[in-house]
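Notes for the one structure printed next.
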């Protein structure tokens, strides 16, 4: 069985970031990703007691470690100043079919 | 790039646990979380052959390790005796924007 | 608190693989799993520029390491030649209620 240690990057943010985020994924060389709708609930302003509910998108992409670094850096520099967004990475062991 | 090692806690359970779970998240100090609908299929009673399908909620929250411990303990003691539920944690490296 | 180190296996693929995948999960001894709909976007054919969007399913299941190995092997041998599909595993620390 050919398994590969890769990075799973999860990006959660405002739905309006969808188009620029997916363009970024193609630019850094991602071969595919999944998108789903989630309900984001976050602290609004200073007081945690006030929580705002938002329609968010969740993007998940599997990439090699070097692409992960590049992706995280570009998110931090180009996206985070402009969008409400969080991104996190974790290690995964991946198997895939030829045609995925 | 400022990245932080945090815990991603995923809680999957009966939809009716939504309100008490999200209240618990605020109590332990979580600043935000996401909610989504999933279809849960689980062994019903003794026989694995009989599987029940349920509308479940999936809650994902990112917290520091100490908050994760507290959250897992309170789930185990206060929620698991009363709700069909599973929770798991994994390590993630996180970057986020100021306004998320 | 009784926590267990387990494997979280995530399988993403064509919606038509739903029935055979869930049957496989029962065969390898999984006690439960969750299903959700995701939008998969992947490279189509040779050129990454052409991306196809598909209605995919995402199946998540928590199993002991030995079951994970068996599951990944059977996916690779029996499913990947026939379906567009990806599977990945990660380590999780799990707590669960008696009745989940």
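The values are calculated or read from the model by the stated rules, or taken from the named source; none is laboratory data. Computed from a prediction, not measured in an experiment: that's the story for all the values here. Neighbour counts run over all protein chains shown; Cβ positions are idealised from the backbone, glycine included.
Observations
- All positions within region B:69-100 that are within 19 Å of residue A:89 (Cα to Cα) and at the interface with chain C (Cβ under 9 Å from one of its Cβ atoms): B:88, B:89, B:90, B:91
- Some residue of region A:10-33 being closer than 21 Å to residue B:22 by Cα and at pLDDT below 95: yes
- Test result for residue A:72, crowded, with 18+ Cβ neighbours inside 10 Å, at pLDDT below 95 and within 11 Å of the chain's Cα centre (by Cα): no
- Selection within region B:42-56 - surrounded by 13 or more Cβ atoms within 10 Å (Cβ to Cβ) and either within 8 Å of chain C (Cβ to nearest Cβ) or at pLDDT 95 or above (or both): B:42, B:43, B:48, B:51, B:56
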